[in-house]
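Please treat every number below as a calculation from the coordinates, not as lab data. Not measured: the values here are computed from a predicted model. Positions of Cβ are backbone-derived with ideal geometry, glycine not excepted, and every protein chain shown enters the neighbour counts.
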Amino acid sequence: MSRLRLSSFLALLLAALPGIAASPPSSLTFSTDTKPLTVHFFDVGQGDAALIISPSGKTVLIDGGPPEARERLAARLRTLVTGPLDLAILTHPHLDHLGGLTAALRAVGAKRFMDPGFNHPSEAYKDLLGFVGDSVGQVMNPEPNPATPDSLLTIGLGEGVSLTVLWPRAPREPFLTGTRSDANSNSIVAKLTYGKTSFLLVGDAEPDTEAALLQRPLDLTATVLKVAHHGGRHSSTAAFLAAAKPQAAVISVGAKNDYGHPARETLERLDAVGAHVLRTDRDGEVIAASDGHSVTLRGNGGTGTLLVVPGNLKPGPIALGPVVPNPSRTQRGTVASVEPRNEDRDTSPDPTPPGERGTAASAGSSGPYVGLKNSKVFHRETCSTLKRSKSERTLYLNREAALRERRPAEDCHP
């Protein structure tokens, strides 16, 4: 199983652009026959799943909902997607976000897969990684381009649409630890932009995540906010919402769930910033379409009441300056360099300095080198990719032997 991690760019149809995130295309003109940017917020019960379809036809699936929604999600994807997804993203390794992903990927396929790289001792997560390693050609973490480490990873989706990952940025910045939920706190947070419109997609980000983002020089303005953690009371803090200024908010939540989601406090905070709220437990699947100037939202799979909100994104980059590591204390946890343990990981001390894990091993390492089954690259024995893979391995005692059969991996530069 290949677990090659690509950090500097996505090849072929997706382009991860180095440097500070590109400015929104404020000078674009939109004709009446231009296809919109569409985001489907699926009704998967108590979980999350959303599909992005760009005007040029690029597709990105973010999360796959809980196991009980897998057949419904797979069937819906078959009606919307022709050919494999350009990218599938798992925001974090919790079952209500990954439970239907394997079925979804079996249904339509995927060219690339991204997750935070945050390990979790879940059998369902390990099974998903096993399936992804066998069926998806490229697997990556959202780390910045090593050539421009103070930038954000930006994925071009054509026609001026960009998906920029705001968090996490490991190994450039270590994962948040010591939080209420470290897996939630290290959810992939991404901003989707098109003209003057934007979507802020935050997984199950925690208050610590929001605080970390607020400490960075980022434009968090969002026309539409995908509300964190199904509207739970801990996230969507007043400070974060004040920075995001959402015109509309979508809450993916199960009807009559046992968690009290969405929380009254969260709904009150959203109301205080003037956000129009749509909920999958009441509105069913929410479809949001942007022409670059405004976003039209409808529930019930596109047949519900029409809501049109204007784009509020100002011209300029998402990153308002270099995004440098910030080790300061957040609201609950601290930014630390300790990686979470997974029950199938090698738990012996890692000789690689924390800031170099996943990029380069110590200078004195001369082998052995390891290749994974069905992969064309080889890794250093200390590479973090190997610790996450259950694939069969080929051992090379020196670099010359490995080079005769494979090329060096880009994640650890052996």
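With a cut-off of at most 11 other beta carbons within 10 Å, and DSSP calling the residue loop, which trypsin sites (Lys or Arg not before Pro) in segment 152-242 qualify? Please list them. Show your work: numbers first, answer last.
Values: sites: Arg169, Arg172, Arg180, Lys191, Lys196, Lys226, Arg233; in loops: Arg169, Arg172, Arg180, Lys196, Arg233.
Within segment 152-242, no trypsin sites (Lys or Arg not before Pro) qualify (loop, at most 11 other Cβ atoms within 10 Å).
Mind ranking 64-73, 394-403 by how tightly packed they are, going by the mean number of other C-beta atoms within 10 angstrom, highest first? All intermediate terms of the calculation are to be shown ahead of the outcome.
Values: 64-73: 21.3, 394-403: 14.9.
Final packing ranking: 64-73, 394-403.
What shape does segment 36-310 have by the C-alpha gyration tensor, where a ≥ b ≥ c are the square roots of the eigenvalues, rounded means a/c under 1.5, and otherwise prolate means a/b greater than b/c and oblate the rest? Write out the running numbers ahead of the final one.
Values: a/c = 1.19, a/b = 1.07, b/c = 1.11.
Because its axes are fairly even, with a/c under 1.5, segment 36-310 counts as rounded.
Show me, for segment 314-321, the HN-Hα J-couplings you get by feeding each phi into the Karplus relation (A = 6.51, B = -1.76, C = 1.60, θ = phi - 60°), rounded to Hz, glycine and proline as x.
Going residue by residue, I get 7, x, x, x, 6, 8, 8, x Hz, with x marking Gly and Pro.
At 7 Å along Cα-to-Cβ for each site, give me the label-to-label distance between Thr148 and Ala124 in nm.
That separation, rounded to one decimal, is 3.7 nm.
For segment 137-279, what is the percent of antiparallel DSSP beta bridges, rounded to the nearest 5?
Values: 14 of 24 bridges.
Once the DSSP bridges in segment 137-279 are tallied, antiparallel ones form about 60 percent.
Packing-wise, with mean Cβ within 10 Å as the measure, how do 308-315, 237-244 rank, highest first? Intermediate values should be presented prior to the final figure.
Details: 308-315: 15.5, 237-244: 18.4.
Highest mean packing first, the order is 237-244, 308-315.
How far apart, in nanometres, would the label points at His293 and Glu68 be if each is projected 7 angstrom from Cα along the Cα-to-Cβ direction?
With each label point 7 Å from Cα toward Cβ, the separation is 4.4 nm.
Any idea how many Lys pairs in segment 36-310 come in under 27 angstrom at the alpha carbon, given 8 or more places apart or on separate chains?
Final tally of qualifying lysine pairs is 14.
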